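J.: Please read through the structure below; I'll follow up with questions.
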Amino acid sequence: MKHTAEFVISAADESQFPRDGLPETAFLGRSNVGKSSLINRLLGVKGLAFTSARPGCTQTINFYRIDGAFYFVDLPGYGYAEVSRDTSHAWKQLIDSYLKARQTLDLSVIVLDARRGWMEKDIELKSWLQFHHRQYLVVATKVDKLKTQSERQRSLQSLRQGEQEPLLFSAETGRGVREIWQAISKTHHNR
Ligand SMILES: Nc1nc2c(ncn2[C@@H]2O[C@H](COP(=O)(O)OP(=O)(O)OP(=O)(O)O)[C@@H](O)[C@H]2O)c(=O)[nH]1
Ligand SMILES: [Mg+2]
């Protein structure tokens, strides 16, 4: 199914978050894992969300209204060490304020790099979401970069350590798009 996507706002603080009450799916994960690329591929629009080979590309919270019915929310990556301590602190505050205050958040997508698996910050996020009874989905991206059979096996083993089996995705090949949409639609319907 083809979806329509409209960019709504790039929010630098809470006061700029939309207030129309539409439900949201947020994309969270470490810097450079491929959150923005995932959004673009799900919507089939290249360049809708900005992406870059350099970590720290997305610095504000970007809201995209989908089919006039819900939002996709592209967040800055957490745990990017090269930004100055002040900036990194401001981002953390922005992400925290979003997660804590946002009533309309009904699904968080934890985006992992398939080659790295669960990192400390990802586990922290998952624990936080579980503690607050928030629904989440785990996506392992860049699977196209797992070239050999043994790389794929090793990656799968480490990814399976969470309670939820991650959906495998590649922004390059489009693998996983259908499954991820199914999971997102299911959450919206069960609201
Ligand atoms: N091979 C491959 N490269 C990918 C994939 N997804 C993203 N990339 C590349 O990874 C880099 C980072 O992608 P982004 O989508 O900007 O990552 P992000 O998580 O939004 O990064 P921040 O906004 O900095 O937090 C870019 O160079 C992308 O082209 C994928 O599935 N396969
Ligand atoms: Mg980004």
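Since every read-out is calculated from the coordinates, none of them should be taken as a lab result. Bear in mind that the values here come from a model prediction, so they are computed numbers and not experimental data. Heads up, the Cβs are rebuilt from the backbone with ideal geometry, glycines too, and the neighbour counts pull from every protein chain shown.
J.: Out of LEU48, ALA140, LEU28, whose Cα points farthest toward the positive end of the dipole of segment 5-189 (charges: +1 Lys, Arg; -1 Asp, Glu; placed on Cβ)?
T.: Towards the positive end, the residue furthest out is ALA140.
J.: At 0.36 nm per residue, and after removing the present C-alpha to C-alpha distance, how many nm does the segment from GLN93 to LYS147 gain when stretched out fully?
T.: Result: 15.7 nm gained on full extension.
J.: Now a separate question. Under the 0.36 nm per residue contour assumption, what length would be gained going from the current alpha-carbon distance of GLU124 and LYS100 to full extension? Before the final figure, lay out each step's value.
T.: Values: separation 24, 0.36 × 24 = 8.64 nm, distance 1.43 nm.
Separation in residues times 0.36 nm, less the Cα-Cα distance, equals 7.2 nm.
J.: Quick one: if you stick a label point 7 Å off each Cα along the C-beta vector at GLN164 and PHE50, how many nm between them?
T.: Taking the simple label geometry, GLN164 and PHE50 are separated by 2.9 nm.
J.: What is the fewest-to-most order of SER127, SER158 by other Cβ atoms lying within 10 Å of their Cβ?
T.: In order of increasing Cβ crowding within 10 Å: SER127, SER158.
J.: Which whole number of Å³ per residue matches the convex hull of the alpha-carbon atoms in segment 58-191?
T.: Looking at segment 58-191, the number lands at 128 Å³ per residue.
J.: Enumerate lysine pairs in the chain that are 8 or more residues apart or on different chains, then count those whose Cα atoms are under 18 Å apart.
T.: 14
J.: Among ALA12, LEU159, TYR98, which residue has its Cα furthest toward the positive end of the charge dipole of segment 5-189, with +1 on Lys/Arg Cβ and -1 on Asp/Glu Cβ?
T.: So the residue we want is LEU159.
J.: Sort ASP122, ASP74 by Cβ crowding within 10 Å, fewest neighbours at the top.
T.: Fewest to most other Cβ atoms nearby, the residues stand as ASP122, ASP74.
J.: How big is the dipole moment of the chain about its Cα centre under a simple scheme where the beta carbon of each Lys and Arg is +1, that of each Asp and Glu is -1, and everything else is neutral? Debye, nearest 20, please.
T.: About 560 debye.
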